[in-house]
1. List the number of the failed condition for B:Val89; all other conditions in (1) more than 23 Å from C:Met160 (Cα to Cα); (2) in contact with a strand residue (DSSP E or B) (Cβ under 8 Å, 6 or more places away or on another chain) hold.
2. Going by the structure shown, is A:Leu78 in a loop (DSSP other than H, G, I, E, B), surrounded by 15 or more Cβ atoms within 10 Å (Cβ to Cβ) and more than 7 Å from chain C (Cβ to nearest Cβ)?
3. Could you name every one of the helices (runs of 4 or more DSSP H) located completely within segment B:65-140 that has at least 2 residues being more than 10 Å from chain C (Cβ to nearest Cβ)?
4. Give the residue, chosen from C:Ser180, C:Ser196, that is small (Gly, Ala, Ser) and at the interface with another protein chain (Cβ under 10 Å from one of its Cβ atoms).
5. List the number of the failed condition for A:Arg135; all other conditions in (1) within 14 Å of chain C (Cβ to nearest Cβ); (2) farther than 21 Å from A:Phe19 by Cα; (3) part of a helix (DSSP H, G or I); (4) not aromatic (Phe, Trp, Tyr) hold.
6. Which residues, taken from segment C:46-96, are within 14 Å of chain A (Cβ to nearest Cβ), farther than 28 Å from C:Pro128 by Cβ and β-branched (Val, Ile, Thr)?
7. For segment C:235-282, how many residues meet the condition of being more than 11 Å from every other protein chain (Cβ to nearest Cβ) and within 18 Å of the chain's Cα centre (by Cα)?
8. Among the residues of segment B:225-235, is any assigned by TED's automatic domain parsing to the domain that holds B:Arg28 and either in a loop (DSSP other than H, G, I, E, B) or of a type in the set (Phe, Trp, Tyr) (or both)?
Amino acid sequence: MLINALLIGGLYALMGAGFSLQWGISGIINLSYGAMVILGSYISLAMFDFLNIDPFISILISAAILFFLGAAIYRGLLQPLIKGGIIITLILTFAVRLILENIMLVVWSADYRTIRLSYAGYSFQIGNAYVPLIRFLTFIIAIAVIYAVYRFMMGTKIGKGIQAVALDREGAEAVGIDVEKMYLINFALGSAIAGGAGALWASIYSFSPHLVGIIVGKVFIIAILGGLGNIWGAAAGGLVLGIAETTGVIFLGSEWQEAIGMAIMVVVLVWRPYGLLGRKFFG
Amino acid sequence: MEERSILKIESLSKHFGALKAADNVSFRVKKGEIVGLIGPNGAGKTTIANLVTGALTKTDGKVIFKDIDISNLKPYQIARKGLTRTFQVVKPLVGMTVEENILVGSLYGKLGRNTDIKNASQRAKEIIKLVGLDKKKGFLVSDITLPDLKKMEFARVLAMEPEVVFLDEVMAGLNPTEVDEASRLVKKVRNEKDLTIVYIEHIMKAVMGISDRIIVLHHGKKIVQGTPQEVANDPAVIEAYLGKRYAKEVKNEEAISTPG
Amino acid sequence: MVILIFLPKFIHGYGIRILTAIFMYAVIAQGINLMSGYMGYLPFGNAMFFGIGAYITAIMMGKGITFLLAMFLGGIVSILVSTLFGLPVLRLRGHYFAIATIGLSGALLSIVQNTTEITGGAMGTTLPIIDAPPKVTYSYFYWGMLVLMVVVTLVISYIMKTKFGYGVRSIKANEEAADSMGINTTQHKVLTWAISAFFTSLAGSIYAYWMSFIAPDEVFNVMIAVNAIVILLIGGMGTILGPIIGAFIIELLSEVTWSSFLEYHLAVMGIATIIIVFFMPKGVVGTFSEIRKSGEIKRRKKVTI
């Protein structure tokens, strides 16, 4: 039971991390994030159906495609209008969501699809719990990616540049950092994470364009729980949500799932507006 | 000699953990005075202004305004009683015109006045003329220069018809001519409107020139108070802040003007 | 302009329905306009008041209370809820306030979905149907929404000219400065939200009676607010007529694409939104009034120099 919650939590954590990065660092609430995730799922599906590539490998392809898509969206739409404030970026990303959603509906229809892997049935034993192999793999990869992003942020020049811009934009500019480029890369990175998470999602769950809104709802909560821009916070948030949903389902019935998520979010907001782990960035 | 003090600050302190931004500061301000509040950067001047006007909560101490304890009131409540301030970094109401900014001050501000729009508008127009912004009153605040913004903020505060005003580094960013003009305006307004002013400033020339009395802060503590002359000659102040050159100038002026 | 709206009682049912919907969205948009365009606080979850209005009306009418009274009660409840939630939540800045309202809205949705005995749960609930020919009843709702739209517009217009209105605008302009000037910002914020909630609730009440059937995820849907926000942006935030014009544009656009491009409906709306936001970031009304204003300022500058 708890294992299941953890495993889902891992995937949620990854999904939330991308969204949190975009929101926390560039201040953009990306309402098309859900669409990006699902697009990643469809890309994975296409790779699997036509080229027989395993989703755990096509995660890279999904991520790459979404990286460039995200970059294009940022450069083309968001950058010019970012001074319009939260409302304009919200509406723009919402419009992007509509477009992406429509494209997916037209190309793949609204039916729920899945990727049937040959090794889907395998599971192994830990203690007296059975752990499905695929979920386990998903969890591992999700955590690995989060860790990789963390190292990127801390260790590379670009990563540090992004952090600098997030902490003190003018200071960063003064030191010669190309602020716009940092925002661009950050947004693209977030999109890539979305795509990758989508590929992972596809290996476990069924998906359809209808999930677009629900996913945004979930990553909202995760980002707020963890504090905007805080990757490990998002990880924690993802786990909390995973656990809350799983236990909520069992004790109270699935309709209360959403209420729980919402209630947690509001409580956290009022009590600790900077998230459970505080405002600092990576740990 | 306990003349009516309109503002009494008693043992006011603000600690941020180990950092004592304000440390047991006490002083009084008499009605109609211009009291200069000076000190090097980080001395705690703006902290005091924030504490007194309610923008910051105190760690200890009391603020008594017109014999009422205002220590725990919110900023808007304090403003309504007649104690206001300007900001070191101007805070204009963005998106509104100069006239509208001052109108808001006139509409709100001190309680107990006639604040229907007609009256308030009239009052605002008079104040605009008084500070000399009449030509620019229809401009958006985003379209005027810094000295004008400072004038506007000053006018906005005046429109509130306060009794005590904390001017927080009004002169910052102005060139010497503008500083002179501003000093003259402050004095003129003080006389016409019977205001009491606490003048937080960094630029020596401005403060010394118009203050009746000066209080010096350093590291959050009050170290000296007295007339401009006394303060300029006080060794502690000179050491902390003024620098030997200005002190010498004052001494020389004394020597010249004293006979014999 | 307003007179034009009174005349078309002669169009057939379809046209009346679209117009009624337009008026309804205009009201919801005005509610958000008041909060966001004028005061600078974006209540993304304002749909919750729409839902409250709808459900209180449904429940009360189920107990035999007349529509007008039920509608009014719904409004009162919305005022209470907005005040109750407003006190903690209006302290949050920008993004956080918006998100908190979504959270509240979502929580309310779940509660309604789960208290099946009172609200009919996720399956929805019905309202009494008026005993009259459809054309007549449709006209009633048309006028109802129209009146509501006119009233809310006039109310907002009036408020903005009063002292209170200046206070509200000052909060958006610079909240810290507003505080220092003696404006009780908390009071202003709570009161403004209450007004916004009240009118949004009335729209929900009329909607419920109009549809005769409501379900939780329909009336507590975040999309209602999103739609209203798009309308606001396109019409012009912080303008009196913006919401009305925006509602006309968006709903008409929506109808056109729905009938001609059903498959691409979403994408067309998305692209249209992007185009308008790009070329007219202040919305239709906003852009025109900007043009007028800068002309005035240029003239003034010439005179004074």
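The values are calculated or read from the model by the stated rules, or taken from the named source; none is laboratory data. From a predicted model like this one, the values you see are computed outputs, not experimental measurements. Here the Cβ positions follow ideal geometry from the backbone for every residue, glycine too, while neighbour counts run over all protein chains shown.
1. Result: B:Val89 fails condition (2) only.
2. Numbers: in a loop (DSSP other than H, G, I, E, B): no; surrounded by 15 or more Cβ atoms within 10 Å (Cβ to Cβ): yes; more than 7 Å from chain C (Cβ to nearest Cβ): yes.
No; evaluated as a whole, the condition is false for this residue.
3. Numbers: elements: B:75-81, B:98-107, B:117-131.
Hits in segment B:65-140: B:98-107, B:117-131.
4. On the way: C:Ser196 fails: at the interface with another protein chain (Cβ under 10 Å from one of its Cβ atoms).
That would be C:Ser180, the only listed residue that is small (Gly, Ala, Ser) and at the interface with another protein chain (Cβ under 10 Å from one of its Cβ atoms).
5. Among (1) within 14 Å of chain C (Cβ to nearest Cβ); (2) farther than 21 Å from A:Phe19 by Cα; (3) part of a helix (DSSP H, G or I); (4) not aromatic (Phe, Trp, Tyr), the lone unmet condition for A:Arg135 is (1).
6. C:Val89
7. Going through segment C:235-282 one residue at a time, the tally reaches 17.
8. First, pick out the residues of segment B:225-235 that are assigned by TED's automatic domain parsing to the domain that holds B:Arg28: B:225-235.
Remaining after also requiring either in a loop (DSSP other than H, G, I, E, B) or of a type in the set (Phe, Trp, Tyr) (or both): B:227, B:234.
Scanning segment B:225-235, I find at least one residue that is assigned by TED's automatic domain parsing to the domain that holds B:Arg28 and either in a loop (DSSP other than H, G, I, E, B) or of a type in the set (Phe, Trp, Tyr) (or both), so the answer is yes.
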